[in-house]
Amino acid sequence: MIVLGCDHAGYPLKVEITKYLTEKGVNFIDVGCDGESCDYPIIAKKLCNKITDGTCSTGLLFCGTGVGMSICANKIKGIRACVCSDYFSAKLTRMHNDANVLCLGARVIGTGTAIELVDIFLNTEFEKGGRHQRRVDLISTLED
Ligand code: RB5
């Protein structure tokens, strides 16, 4: 299960992505907002809780730049969030970092790029074992 969340700046892009996921038959839940002005740290925490409590495996966060959401999400234990606007980073953050949250900037990228980034992020597997697993485990030690 995927979880989506946004602030007011990210809302228009979240709407486009929810349409896309619905067309594709991808199941998701949405923790808000619904377009009203709100504070992105609150939404980031709500979304990350859905991942850390096991309800969802992957999150998509939208704000103006994607940066505020990624700063917040990365403060939460068990979350590896990446703000992306290029395809290579979206692919590699799954393969090497086992990122579980993708942050997108609605004021930075267009809908077409965002759809492509979401597709790549959702369909790329982590390269299990070996050096990448060791490094992801080391990331976890930084949380303590
Ligand atoms: C909201 O105006 C804006 O600051 C927010 O969406 C985000 O871009 C922060 O990083």
Matching residues, the range 94-138, being more than 16 Å from Lys19 (Cα to Cα) and of a type in the set (Val, Ile, Thr): Val101, Val108, Ile109, Ile120, Thr124, Val136
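Here's the yes/no breakdown for (1) among the charged types (D, E, K, R); (2) over 25 Å from Thr124 (Cα atoms); (3) surrounded by fewer than 22 Cβ atoms within 10 Å (Cβ to Cβ):
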| site | (1), (2), (3) |
| --- | --- |
| Glu36 | yes, yes, yes |
| Pro41 | no, yes, yes |
| Cys48 | no, no, no |
| Asp53 | yes, no, yes |
| Cys63 | no, no, no |
| Val67 | no, no, yes |
| Cys72 | no, no, no |
Can you run down the residue pairs with Cβ atoms below 8 Å, 6 or more apart or on separate chains, where the first is in the range 18-35 and more than 22 Å from Asn49 (Cβ to Cβ) and the partner is surrounded by 11 or more Cβ atoms within 10 Å (Cβ to Cβ)? Tyr20/Ile115; Tyr20/Val118
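Condition first: touching a residue at least 12 places away in the same chain (Cβ under 8 Å) and either of a type in the set (Ser, Thr, Tyr) or surrounded by fewer than 20 Cβ atoms within 10 Å (Cβ to Cβ) (or both). Now tell me which residues in the range 105-119 satisfy that. Break it down into steps so the answer makes sense when it comes.
At the first step, the residues of the range 105-119 found to be touching a residue at least 12 places away in the same chain (Cβ under 8 Å) are 105-109, 111, 113-118.
Across the range 105-119, the qualifying residues are Arg107, Val108, Ile109, Thr111, Thr113, Ile115, Glu116.
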Of the residues that sit in the range 106-122 and are closer than 19 Å to Cys63 by Cβ and in contact with a strand residue (DSSP E or B) (Cβ under 7 Å, 6 or more places away or on another chain), which one is nearest to the ligand (Cβ to nearest atom)? Ala106
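Within the range 93-106, how many residues turn out to be part of a helix (DSSP H, G or I) and under 10 Å from Ile120 (Cβ atoms)? First the steps, then the outcome.
Applying the first criterion (part of a helix (DSSP H, G or I)) to the range 93-106 yields 93-95.
Next, from what is left, pick out any that are under 10 Å from Ile120 (Cβ atoms): 93-94.
Of the residues in that region, 2 qualify.
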If I go through the range 2-22 residue by residue, how many of them are away from the ligand (no atom under 16 Å from the Cβ) and not in a helix (DSSP H, G or I)? 2
Mind telling me which of the residues Ala81, Ala90 ends up being of a type in the set (A, V, I, L, M), away from the ligand (no atom under 14 Å from the Cβ), under 22 Å from Ala9 (Cα atoms) and in contact with a Cys (Cβ under 9 Å, 6 or more places away or on another chain)? Ala90
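Return the only residue of Cys63, Cys82, Cys56, Cys48 being in contact with a Phe, Trp or Tyr (Cβ under 7 Å, 6 or more places away or on another chain) and either without any contact (Cβ under 8 Å) to a residue 60 or more places away in the chain or more than 14 Å from Gly5 (Cβ to Cβ) (or both). Steps first, answer last, please.
Numbers: Cys82 fails: in contact with a Phe, Trp or Tyr (Cβ under 7 Å, 6 or more places away or on another chain); Cys56 fails: in contact with a Phe, Trp or Tyr (Cβ under 7 Å, 6 or more places away or on another chain); Cys48 fails: in contact with a Phe, Trp or Tyr (Cβ under 7 Å, 6 or more places away or on another chain).
Selected residue: Cys63, the only one of Cys63, Cys82, Cys56, Cys48 that is in contact with a Phe, Trp or Tyr (Cβ under 7 Å, 6 or more places away or on another chain) and either without any contact (Cβ under 8 Å) to a residue 60 or more places away in the chain or more than 14 Å from Gly5 (Cβ to Cβ) (or both).
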Taking the range 58-79 on its own, how many of its residues are in a loop (DSSP other than H, G, I, E, B) and touching a strand residue (DSSP E or B) at 6+ places or on another chain (Cβ under 7 Å)? 5
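Every number here is computed from the coordinates shown, using simple stated rules; none is lab data. Only a predicted model underlies this, so the values are computations on that prediction, with no experimental measurement involved. Ideal geometry is used to build each Cβ from the backbone, glycine not excepted, and the neighbour counts take in all protein chains shown.
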